[in-house]
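Right, one structure below, let's go through it.
The values are calculated or read from the model by the stated rules, or taken from the named source; none is laboratory data. Not measured: the values here are computed from a predicted model. Neighbour counts run over all protein chains shown; Cβ positions are idealised from the backbone, glycine included.
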Amino acid sequence: MKRVVIKVGSHVLNEAGEVSKERMLALVALVAEMQKSGKDIIIVSSGAVSSGYSKLKLDKSHIPNKQALAAIGQPLLLKMYQDKFAKYDMLCSQVLLSAADFDSRKRTKHAKAAIEVLLEHNVVPIINENDVTATEELVFGDNDRLSAHTTYYFDADMLVILSDIDAYYDKDPRENDDAKAFKNHGFIDEALLKQKCAPSDEFATGGITTKLQSAQFLLKNGKSMFLASGFDLGDVRSFLLEGVQKGGTLFSV
Ligand code: ADP
């Protein structure tokens, strides 16, 4: 596995209305370790809106307010990443994309060319949806699908989704004590892809449905996806760096 996209969910980065410095640092430490072992890492990070909200309390249910919060929060978020990567003598970069960038082969090619230069120079691309200009028809609306497209179109081998949940279960574990985690998952039933999205908090947008849609898209395109906890990076670390799956769900065929 040479190239990996790591998507970090809004709930993972968000702690009591602020971006969690500890969790971001843990993620950056993992990325630094992976880069040392010769892997190319691309991060897809949520957190712009919540980061903006920590500075200005606008009503997020109003779309222009949400866009404004993203505009305020995105540079703050990147500054935090820059500071953390600097501890490892690493550079990171901001790449704002929208669904339209994957609609046209030409635009995808341009974006990929820039990503290649960044990775060649060991600069970590941090991708987010361009929330400020994304219009409703074009918007991915959640970074799960954006990260799946990133994985496929930028030639990564695998997508890792770091979530507030540590695996994919046979039913919602928050509502069912007897839910069982899948270690591996291949075929995804169409009906599951149509479930209504049920994100777990006010900043989350996707819920489990968009994660399954992402997995389905990647499986169809010969890629795999690993869903694991973003609160404790132990499972993802042993999976990616030691090749041992202790927890999490691997979607592969
Ligand atoms: P994130 O913000 O980390 O991307 P979301 O909150 O959008 O994550 O989605 C994960 C949530 O989906 C979990 O916290 C869980 O409550 C819910 N969920 C519903 N069904 C399942 C399931 N079968 N397996 C795992 N999680 C599920």
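If you go through region 127-143 one residue at a time, do you hit one that is closer than 25 Å to Ser229 by Cα, crowded, with 20+ Cβ neighbours inside 10 Å and modelled with pLDDT of 90 or more? Yes - at least one qualifying residue is present in region 127-143.
Residues that are surrounded by fewer than 21 Cβ atoms within 10 Å (Cβ to Cβ), at pLDDT 95 or above, of a type in the set (Gly, Ala, Ser) and in a loop (DSSP other than H, G, I, E, B) do not occur anywhere in region 187-208. For region 92-110, the set of residues classified as assigned to a helix (DSSP H, G or I) and without any contact (Cβ under 8 Å) to a residue 40 or more places away in the chain consists of Ala100, Asp101, Arg105, Lys106, Arg107, Lys109, His110, listed by residue number. Only one of the numbered conditions (1) basic (Lys, Arg); (2) surrounded by fewer than 14 Cβ atoms within 10 Å (Cβ to Cβ); (3) at pLDDT below 90 is violated by Lys66, and that is (2).
For Asp89, are the conditions met, namely being assigned to a loop (DSSP other than H, G, I, E, B), closer than 14 Å to Gln35 by Cβ and not aromatic (Phe, Trp, Tyr)? It would help to see each step written out before you state the result.
Values: assigned to a loop (DSSP other than H, G, I, E, B): yes; closer than 14 Å to Gln35 by Cβ: yes; not aromatic (Phe, Trp, Tyr): yes.
Taking the combined requirement at face value, the residue satisfies it.
Residues in region 150-176 that are more than 13 Å from the ligand (Cβ to nearest atom) and part of a loop (DSSP other than H, G, I, E, B): Phe154, Asp155, Ala156, Asp157. Collect the residues in region 97-107 that are under 16 Å from Ile42 (Cα atoms) and surrounded by fewer than 18 Cβ atoms within 10 Å (Cβ to Cβ), keeping them in residue-number order. Within region 97-107, no residue meets the criteria.
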